[in-house]
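First up is the structure itself, then whatever we jot down about it.
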Amino acid sequence: MSNLKHIPTLVVTKSPGTDHALPAGEDGNPPAGADEVELAKLIVATLNLDVAAADIEPDAPLYREGLGLDSIDVLELALAISKKYGLNLRSDDENNLTIFSSLRSLNRHIQQHRSK
């Protein structure tokens, strides 16, 4: 189960070049981009989370606090990312804590290293 907090008054902006509204990030951080929204949808679908993809704050932690993922969730997510983006995430990578620190950091890593 997720530990996400619900913010009743959500600022909504449009991503440049898209027709869908995206929630603004907390603390003045930029709103989720289209790639981040797509990744959030993959996370929700892969892990059967009881949260809407649009409610995942781009800079909120994914592991333990924040979204509340555990190590098994991260392994499942790494497999789904590998299949979708052609990116091999290794469990022994010393940068995993940084890579999986937030939706935004995970997306940044995927976009830099993807083959699909």
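The values are calculated or read from the model by the stated rules, or taken from the named source; none is laboratory data. Fair warning: this is a prediction, and the values are worked out from it, not measured in the lab. Cβ: placed from backbone, ideal geometry, glycine included. Neighbour counts: every protein chain shown.
Figures for the structure shown
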item: Selection count, segment 89-109, where residues are β-branched (Val, Ile, Thr) and touching a Lys or Arg at 6+ places or on another chain (Cβ under 9 Å); result: 1
item: Boolean, ARG104 is among the basic types (Lys, Arg), more than 18 Å from ALA45 (Cβ to Cβ) and not in a helix (DSSP H, G or I); result: no
item: Which listed residue, of GLU65, GLU36, GLU76, is at pLDDT 80 or above, exposed (fewer than 13 other Cβ atoms within 10 Å of the Cβ) and not small (Gly, Ala, Ser); result: GLU65
item: Matching residues in segment 96-116 - criterion: being over 14 Å from GLU38 (Cβ atoms), surrounded by 12 or more Cβ atoms within 10 Å (Cβ to Cβ) and either touching a His at 6+ places or on another chain (Cβ under 8 Å) or of a type in the set (S, T, N, Q) (or both); result: ASN96, THR98, ILE99, SER101, SER102, SER105
item: Residue match in segment 66-75 (condition: touching a Leu at 6+ places or on another chain (Cβ under 6 Å) and assigned to a helix (DSSP H, G or I)); result: yes
item: Inter-residue pairs, beta-carbon under 8 Å, first in contact (Cβ under 8 Å) with a residue 12 or more places away in the chain and under 13 Å from ARG104 (Cα atoms) and in segment 59-77, second crowded, with 19+ Cβ neighbours inside 10 Å and among the basic types (Lys, Arg), 6+ apart; result: ASP59/ARG104
item: Those residues of segment 39-51 which are at pLDDT below 95 and surrounded by fewer than 17 Cβ atoms within 10 Å (Cβ to Cβ), in sequence order; result: ASP50
